[in-house]
Amino acid sequence: MTTETKTMPGQKSTELHARRQNAVAQGPGHVTPLYIESAKGALVKDVDGNELIDFAGGIGMQNIGHCHPKVVKAVQDAVEKVIHPCFHVMPYESYVELAEKLNELTPGDFKKKTMFANSGAEAVENAVKIARTATGRSGVLSFERAYHGRTLMTMSLTSKVAPYKKGFGPFAPETYKIQYPYYYRAPYGVTPEQLDAEVLESIERFFLAEAAANDIAAIIMEPMQGEGGFIVPSATFVKGIRALCDKYGIIMIADEIQAGFARTGKLFAMEHHGVAADLTTLSKSIAAGMPLSAVVGRAELMDAPGVGSLGGTFSGSPVSCAAGLAVLEVIEEENLVERARVIGERMQSAFRSWMDKYEIIGDVRGMGSMVAMELVKDRATKEPNKEATAYVTSTTWKNGLISLSAGIYGNVLRFLPPLTITDEQLEKGLDILEAAIADASK
């Protein structure tokens, strides 16, 4: 494997970037100014011939790796037959077959049904519509630091002002934020068990003070917060949310958009908690980069909206569904659930060993290969170190590694490498990353 790099960005990327600034709105941001030419597995190549290791994976979209041959073949075969007739005009087998498989694989020992859309935000929008129709209620609860999308409803459910919400109000009514345990930043002396109990009790108080429980249609939660900083809740907390939903007749929605499809060392992250949600939203790695998302849930809930009330022109295209079927085959055939555990153990082991050398690393956490480091200016005060985080993400791509930040303070380094990454590529990426952290620590 070679990851030798030239000066970056190179001439072609620089020229393309000038064209981008002239032709494309500034709103769509990007981590690097490098323009991609091709990608395979965990390696990407830019238009100037620079090869980089990908620890971002399209923000969790490339769990089975870029351009997996099985997915490429499935897409080619599908597109030669039909590109898109619109499922609402003439349905097709790949939609039905992928729905059958997801009904079987998502957590929950009950009859399920599935619908498809294009993006994660659309999946969340539709899950809310289903919950409201099924319950006859309108309120929706989401959590502090949650990220659910950029549409009006999903932006309203998201809990980070800049860049996702600033200037875009007013927001959807009857959406509310509740607490989500952040064990690393708990008050001094408060145990995880005590924090769980306090947060769950605060939700009961919320029902008395802010919105009545019998007006709430759904609670939507990430089984591990993504954009919020890769914050992992305890199984006790997730089971407590399940119990509150059962107590008050509220629908539990699990947002598995970033955490699903083997990323956390389980096919779906909710399996770590031993909890089945009523509705599950899926996207990102569902189709290895083809636009596709899904809502999977209890059959009686999924059937609550009437005929014609859910869907969209491009929802669940036959090409994307073919890719989705291939993804499930690859995950099983290449044992990527176990590979995610191996990758995660290696990364967390490395990061924890670095804590002895670099004081800016305040916390290491994750599930499977969904792993993060939180950088701080002082371990005692835990003051967020946004500057060091930005330095690391900008330095790594200049040296051949793509990395990402996260968290409401912008001080979390998060990693989502393709699960098909080789051991050699993983170690090379860790070397580049450690060098950047060492520089940031000076």
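The residue that is nearest to residue 285 (Cα to Cα), among those in the stretch 49-64 that are open to solvent by 30 Å² or more (accessible area, probe 1.4 Å) and among the aliphatic types (A, V, I, L, M), is 61. Considering only residues in the stretch 281-304 that are closer than 17 Å to residue 132 by Cβ and of a type outside the set (A, V, I, L, M), the one that is surrounded by the fewest Cβ atoms within 10 Å (Cβ to Cβ) turns out to be 300. Among the residues here, residue 410 does not qualify as open to solvent by less than 10 Å² (accessible area, probe 1.4 Å), at pLDDT 95 or above, among the small types (Gly, Ala, Ser) and touching a helix residue (DSSP H, G or I) at 6+ places or on another chain (Cβ under 9 Å).
Of everything in the stretch 123-143 that is small (Gly, Ala, Ser) and outside any helix (DSSP H, G or I), the residue that is surrounded by the most Cβ atoms within 10 Å (Cβ to Cβ) is 142.
Among the residues of the stretch 233-252, is any under 23 Å from residue 293 (Cβ atoms), open to solvent by 20 Å² or more (accessible area, probe 1.4 Å) and not in a loop (DSSP other than H, G, I, E, B)? No, the conditions are met nowhere in the stretch 233-252. When the stretch 160-192 is filtered for residues that are touching a Ser or Thr at 6+ places or on another chain (Cβ under 7 Å) and open to solvent by 20 Å² or more (accessible area, probe 1.4 Å), the ones remaining, listed by number, are 164, 165, 171, 174, 175, 177, 179, 192. Within the set 352, 365, 346, 379, the sole residue that is within 17 Å of the chain's Cα centre (by Cα) and either closer than 25 Å to residue 234 by Cβ or in contact (Cβ under 8 Å) with a residue 40 or more places away in the chain (or both) turns out to be 365. A single entry from 426, 404, 419 fulfils the requirement of being touching a helix residue (DSSP H, G or I) at 6+ places or on another chain (Cβ under 6 Å) and either of a type outside the set (S, T, N, Q) or on the phi > 0 side of the Ramachandran plot (or both): 419.
Restricted to the stretch 180-195, and to residues there that are touching a Phe, Trp or Tyr at 6+ places or on another chain (Cβ under 7 Å) and in a loop (DSSP other than H, G, I, E, B), the residue that is farthest from residue 304 (Cα to Cα) is 181. On inspection, residue 428 does not qualify as modelled with pLDDT under 95 and open to solvent by 60 Å² or more (accessible area, probe 1.4 Å). Within the stretch 134-163, the set of residues being under 22 Å from residue 232 (Cβ atoms) and either at pLDDT below 95 or in contact with a Phe, Trp or Tyr (Cβ under 8 Å, 6 or more places away or on another chain) (or both) comprises 141, 142, 143, 144, 145, 146, 147, 158, 159, 160. Please determine whether any residue of the stretch 192-206 is touching a residue at least 24 places away in the same chain (Cβ under 8 Å), among the polar types (S, T, N, Q) and touching a Pro at 6+ places or on another chain (Cβ under 9 Å). There is no residue in the stretch 192-206 that is touching a residue at least 24 places away in the same chain (Cβ under 8 Å), among the polar types (S, T, N, Q) and touching a Pro at 6+ places or on another chain (Cβ under 9 Å).
For the stretch 25-48, check the following and say yes or no: at least one residue is part of a helix (DSSP H, G or I) and either open to solvent by 20 Å² or more (accessible area, probe 1.4 Å) or farther than 27 Å from residue 226 by Cα (or both). No, the stretch 25-48 contains no residue that is part of a helix (DSSP H, G or I) and either open to solvent by 20 Å² or more (accessible area, probe 1.4 Å) or farther than 27 Å from residue 226 by Cα (or both). Answer yes or no as to whether residue 268 is under 17 Å from the mean Cα position of the chain (by Cα) and at positive phi. No: the conditions fail for residue 268.
Looking at 255, 278, 215, 246, just one residue is free of Cβ contacts under 8 Å to residues at least 12 places away in the same chain, under 25 Å from residue 204 (Cα atoms) and touching a strand residue (DSSP E or B) at 6+ places or on another chain (Cβ under 9 Å), and that residue is 246. The residues of the stretch 58-75 that are under 11 Å from residue 42 (Cβ atoms) and not in a loop (DSSP other than H, G, I, E, B) amount to a single one, 66. Filter the stretch 413-423 down to the residues that are in a loop (DSSP other than H, G, I, E, B) and not hydrophobic (A, V, I, L, M, F, W, C), then identify the one that is surrounded by the most Cβ atoms within 10 Å (Cβ to Cβ). Among those that are in a loop (DSSP other than H, G, I, E, B) and not hydrophobic (A, V, I, L, M, F, W, C), it is 418. Screening the stretch 3-24 for residues that are over 20 Å from residue 426 (Cα atoms) and among the polar types (S, T, N, Q) and picking the one that is surrounded by the fewest Cβ atoms within 10 Å (Cβ to Cβ) gives 22. When 398, 442 are checked against the criterion of being open to solvent by 10 Å² or more (accessible area, probe 1.4 Å), more than 20 Å from residue 232 (Cα to Cα) and at pLDDT below 95, a single residue qualifies: 442. Selection over the stretch 310-354 of residues that are assigned to a helix (DSSP H, G or I) and either open to solvent by less than 40 Å² (accessible area, probe 1.4 Å) or closer than 22 Å to residue 85 by Cβ (or both) gives a count of 23.
The values are calculated or read from the model by the stated rules, or taken from the named source; none is laboratory data. Not measured: the values here are computed from a predicted model. Note: ideal-geometry Cβ built from the backbone for every residue, glycine included; neighbour counts use all protein chains shown. Ligands, DNA and RNA are excluded from the accessible area calculation, which covers all protein heavy atoms including side chains. Shrake-Rupley method; radii C 1.70, N 1.55, O 1.52, S 1.80 Å.
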